[in-house]
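Quick notes on the structure that follows.
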Amino acid sequence: MTTLLKTAATVTFAFAATAAQANVVDLGIGGANLFSLGAFSATSSDVEGSVLVAGSMSASSYSVNDKNKDAFSSNNGHGIALAVGGALSYSNGSIKHGEIYVGGAKSLTSVGTNDTTTITTAPVNFNALSSSVKSTSTNLSKLAATGTVSTTQWGGMTLTGTGAHKAVEVFNISGSDLAKINNFSFAGLDNNSTLIINVSGANAIGFNQNGVSLDGFSHYNVLYNFYQSTSMNIQNVGVQGSILAPLARVTGGNGQINGEVVVGNWASNLQVNANSFFKPVNVQGYGASPVPEPESYAMLLAGLALVGVVARRERA
């Protein structure tokens, strides 16, 4: 094969390989601990990291970003502690470390804001971010399951992986089944593997409300994807892993979530801790293949044409 033909073939192969490669699953919320696509209301609790609220926020006796886990960056190069697209009503609490943005009216009463500054330019496009996390949730729900789920006696559930040292395992669970479970066990999984758990059902309550043990999930990189849930109560439970529920109004209290949280609306007094954030990972088959730019199409067609021309000349 001539050098010219080899070059054309290489270009064509590289183009095809790029289109077929796996996409990275990333919540894309810039390191925020919690993102509410709608409103946020809470009392007597805290989010240890930064908070993004597309709608309005009301909080009292509350703390935000005590652990200095800022999100995104403003034009000043500082991280965001709290960004609210609508109005903010906040009393008897603290907002620490970073910048504060409020798109609507702002009322702060007895709120400590040490090491914070106020900015007037939105640090993030809330509409675009909301659309992005919804797409992520939908695309994750379309992944084929790699692991199996089985229930055991006395309300237990076992998640069994492929046992082939897979970096990513996908499980499908119905919300009604999840609500009945009070303990989990694991098999065929490597420590630190990524577990994507797709939970179906419009009214998944989240987890058993009687103190279900989720400690075993702390050995893995976990994302619970409640892709259909519109109403979800999380009560008396410690969640290990991040939650993606962009359509859900989340309620509940007397518990904690260790990880990132993305919800439709937040109306909960659950504590949200700034640890066990979901680590972005390559997942084969996630999302649609990227649509090439016009220039890429032109390069591909030119390469194919060149291959044909050279091949005809060599035959002649």
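Each value in this text was obtained by applying a stated rule to the coordinates, not by laboratory testing. These numbers come from a predicted model, not from an experiment. For neighbour counting, all protein chains shown are included, and Cβ atoms are generated from backbone atoms with ideal geometry for every residue, glycine included.
Numerical summary
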| quantity | calculated |
| --- | --- |
| 97, 78, 219, 165 arranged by Cβ crowding within 10 Å, fewest neighbours leading | 165, 219, 78, 97 |
| Note, ³J(HN,Hα) from phi for the stretch 89-101, Karplus 6.51, -1.76, 1.60, rounded to Hz, x at Gly and Pro | 10, 9, 9, 6, x, 8, 10, 10, 6, x, 9, 10, 10 |
| Pair-distance profile P(r), taking every C-alpha pair of the stretch 31-146, with 10 angstrom steps and integer % | 15, 47, 26, 9, 3, 0 |
| The stretch 118-171: chymotrypsin sites (Phe, Trp or Tyr not before Pro) in DSSP loop, at most 10 other beta carbons within 10 Å | 154 |
| Cα-projected label distance for residue 167 with residue 284, points at 7 Å along beta-carbon direction, nm | 1.2 nm |
| Residue-wise HN-Hα coupling along the stretch 154-171, computed from phi with Karplus coefficients 6.51, -1.76, 1.60 (Hz; x: Gly, Pro) | 6, x, x, 9, 10, 9, 10, x, 6, x, 10, 6, 6, 6, 10, 10, 10, 10 |
| Cα-based Kirkwood hydrodynamic radius, the stretch 44-107, one decimal, Å | 11.5 Å |
| Interchain or long-range residues, amide H under 5 Å from residue 85's placed H | 53, 54, 55, 103 |
| Cα-Cα pairs of the stretch 151-264 separated by more than 24 Å (percent) | 17 percent |
| Dimensionless Rg over Rh [the stretch 212-277; C-alpha; Kirkwood] | 0.93 |
| Label-point separation in nm, residue 213 to residue 152, each point 7 Å along Cα→Cβ | 1.0 nm |
| Extension gain from residue 267 to residue 107, taking 0.36 nm per residue of separation minus the Cα-Cα distance | 55.7 nm |
| Percent breakdown of C-alpha pair distances by 5 Å bin, ordered from the shortest bin, for the stretch 24-283 | 1, 6, 14, 19, 19, 16, 11, 7, 4, 2, 0, 0 |
| Cut-off under 5 Å, modelled amide H: who pairs with residue 220 long-range | 192 |
| For the stretch 64-211: span of alpha carbons on each principal axis (Å, largest first) | 53, 32, 29 |
